[in-house]
Amino acid sequence: MLQVYDPASGQPIATVRTDDAASIERKLVRAAAAQPAWARLGLQARAEAIARFAALLEAEQERLAILLAREVGKPIAQARAEIAGVQGRIGFFLAHTEETIAEQLVYRGGGLEERIRYEPLGVIAHISAWNYPWFVATNVVVPALLCGNAVLYKPSEHATLTGLELARLLHRSGVPAEVCIPVVGAGEVGALLLRPPVRGVFFTGSHATGVKVAAAAAPHLMRVQLELGGKDPLYVTDDVDLEWAARAAAEGAMYNAGQSCCAVERIYAHAAIYERFVERLAAAVAGLRVGDPLEETTEVGPLCRQAQLQLLQAQVEEALARGGRLACGGRRLERPGWYFAPTVIADAHHGMELMTEESFGPVIGVQPVADDEEALARMRDTRYGLTASVFCAERARAERLLAQLETGSAYWNCCDRVSPRLPWSGRRHSGVGVTLSRHGILAFVEPRGWHLREPSWRVHGCAGAQAASDAGSGQERRNEGPCSPASG
Ligand code: NAD
């Protein structure tokens, strides 16, 4: 059994039965049996079901937002924004799946056609994270279903009730129960999904778990997509409006209590404005309203996982011991639940875990840099590569810096931002593969090459020489004989 806790009180709120090896075996068999009929149904019927899902989501938004706030600790306004934001992603997939996976004629000549057809992978597994459970699952489950796959969906053990709601709404929308099957449990249950008939695993979570998932999937040669953590930098140059930049950086670091994959995790400020920027950043962060996630005015709620409190405390203590200056916050709050005070540590440097390891909480370090070159060197000093942000007046200056960073997303005067129209991906330890954009639709299909030759005696009337060529498959055979196309 899985115990679900309310992070705002630390008290249990529900118990859910978990899956085991036997139940997963049954689910895999059911999904594999149901998938071909779902694929044959056609894109239009599948899209109609997804459109009904979007309508249900809109109708039930408030109930679902309250559940999300209670289960994950997300402030209610941010919970509503996440569920409303899912509509934009579904809208993108509905508008672009057909053209993205439409069959392509890439060559025609001499009685030969070459076509690319996109086929679903078959059964896929989505192993999900808790920090944006609606966004993360939508990025995978919706395009996977539209493309004709069956999905085994394991929500994070910290967002199970939300995950079960998502599956229920899909079923109410007309997606067959066997085509989207929720799986309940923690890591050991997720590990049971990494075998045939699963043909692809789409994972979102930490780097450490991502490596385990890739290793377990390797013997089966399934498609592996990993959306992992980051240590995303933001550089504030010497020519920006400091009040504005400080507010934007505070929001980028503290939204969702800093538990965003693309949260600002480290800040570099040009020496010319450093002290003034730190002052404004600390004021903006200290002014955030911490409180119960169900209160309308709350801007920062509790952490979703109790264990993260110790990690943040350890990062703060180490940073202070190594010369960091506490500008605000710095400790767990004395109230029920898993609250950590929004924290700014100035004079940070790369000898601190605060600046090198993911914090995933409302804690941010700021380091002064002498110039753009030093900022660049610091930003590059990481094994992660999810996003990077430069705040400055001149676009050319920002683009020059961003071009030299290895990240999946580059931000000029914005941060902590995801768009359904753009590919979402990480470099190096931040992952492999892409969600969102057209690339995030193609992730759920296999391109298949079709070589289609009209019977040659009908086209050219020279049966003898071409018969061998028609049957042949090798390059040499293809170019043999008088009836083969010169450019074939
Ligand atoms: P996590 O790695 O602890 O867990 C992720 C999922 O993996 C959970 O569902 C968990 O049950 C499952 N799991 C754990 N061990 C497993 C195993 N051995 N085999 C299969 N499944 C296993 O991560 P989390 O705490 O849920 O999420 C936080 C992390 O996710 C952060 O690092 C964050 O940056 C990252 N994240 C990245 C993105 C992105 O788009 N790049 C988005 C959201 C979160």
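Only one of the numbered conditions (1) open to solvent by less than 10 Å² (accessible area, probe 1.4 Å); (2) touching a strand residue (DSSP E or B) at 6+ places or on another chain (Cβ under 6 Å) is not met by Val224, and that is (1).
Checked across the range 241-260, the condition of being assigned to a loop (DSSP other than H, G, I, E, B), in contact with a helix residue (DSSP H, G or I) (Cβ under 6 Å, 6 or more places away or on another chain) and surrounded by 21 or more Cβ atoms within 10 Å (Cβ to Cβ) holds for no residue.
One residue stands out among those in the range 203-228 that are away from the ligand (no atom under 11 Å from the Cβ) and in a strand (DSSP E or B): the one that is farthest from Ser359 (Cα to Cα), which is Arg223. When residues in the range 1-43 are screened for being farther than 27 Å from Leu333 by Cα and open to solvent by 30 Å² or more (accessible area, probe 1.4 Å), 20 of them pass. Of the strands (runs of 3 or more DSSP E) lying entirely inside the range 324-412, those carrying at least 1 residues that are without any contact (Cβ under 8 Å) to a residue 24 or more places away in the chain are 325-328, 409-412.
Mind listing just one residue for me: the one in the range 158-183 that is open to solvent by 10 Å² or more (accessible area, probe 1.4 Å) and under 21 Å from the mean Cα position of the chain (by Cα) and, of those, farthest from the ligand (Cβ to nearest atom)? So the residue we want is Glu165.
Of everything listed in (1) among the small types (Gly, Ala, Ser); (2) open to solvent by 10 Å² or more (accessible area, probe 1.4 Å); (3) more than 9 Å from the ligand (Cβ to nearest atom), the single unmet condition for Ala186 is (3).
Please verify whether Ser419 is within 15 Å of the ligand (Cβ to nearest atom), over 22 Å from Asn256 (Cβ atoms), open to solvent by less than 30 Å² (accessible area, probe 1.4 Å) and of a type in the set (Ser, Thr, Tyr), treating the condition exactly as stated.
Here the answer is no, as Ser419 does not meet what is asked.
Can you say whether Lys231 is within 14 Å of the ligand (Cβ to nearest atom), open to solvent by 50 Å² or more (accessible area, probe 1.4 Å) and either under 19 Å from the mean Cα position of the chain (by Cα) or in contact (Cβ under 8 Å) with a residue 24 or more places away in the chain (or both), as far as the supplied structure shows? Taking the combined requirement at face value, the residue does not satisfy it.
Would you mind stating whether Ala22 is touching a residue at least 24 places away in the same chain (Cβ under 8 Å) and in the same structural domain as Ala167 (by TED's automatic domain parsing)?
Values: touching a residue at least 24 places away in the same chain (Cβ under 8 Å): no; in the same structural domain as Ala167 (by TED's automatic domain parsing): yes.
So Ala22 fails the test.
Counting only residues that are assigned to a helix (DSSP H, G or I), touching a strand residue (DSSP E or B) at 6+ places or on another chain (Cβ under 8 Å) and open to solvent by 10 Å² or more (accessible area, probe 1.4 Å), the range 284-302 holds 1 of them.
Given the criteria among the charged types (D, E, K, R), within 16 Å of the ligand (Cβ to nearest atom) and crowded, with 23+ Cβ neighbours inside 10 Å, does Arg305 qualify? Outline the logic, then answer.
Details: among the charged types (D, E, K, R): yes; within 16 Å of the ligand (Cβ to nearest atom): yes; crowded, with 23+ Cβ neighbours inside 10 Å: no.
No.
Mind telling me which of the residues Val72, Val86, Val142 ends up being crowded, with 24+ Cβ neighbours inside 10 Å, aliphatic (A, V, I, L, M) and closer than 26 Å to Pro36 by Cβ?
Details: Val72 fails: closer than 26 Å to Pro36 by Cβ; Val86 fails: closer than 26 Å to Pro36 by Cβ.
Just a single option satisfies the conditions, and that option is Val142.
When you scan the range 262-269, do you find a residue that is among the small types (Gly, Ala, Ser), in a helix (DSSP H, G or I) and near the ligand (Cβ under 10 Å from one of its atoms), even just one? No.
Among the residues of the range 95-135, which ones are crowded, with 16+ Cβ neighbours inside 10 Å and under 23 Å from Pro36 (Cβ atoms)? Correct list: Thr97, Thr100, Ile101, Tyr118, Pro120, Leu121, Gly122, Val123, Ile124, Ala125, His126.
Could you go through the range 426-445 and let me know if any residue there is among the hydrophobic types (A, V, I, L, M, F, W, C) and surrounded by fewer than 15 Cβ atoms within 10 Å (Cβ to Cβ). No, the range 426-445 has no match at all.
The values are calculated or read from the model by the stated rules, or taken from the named source; none is laboratory data. From a predicted model like this one, the values you see are computed outputs, not experimental measurements. FYI the Cβ positions are ideal-geometry reconstructions off the backbone, even for glycines, and counts take in every protein chain you see. Protein only, heavy atoms only, side chains kept; ligands, DNA and RNA dropped before computing areas. Shrake-Rupley method; radii C 1.70, N 1.55, O 1.52, S 1.80 Å.
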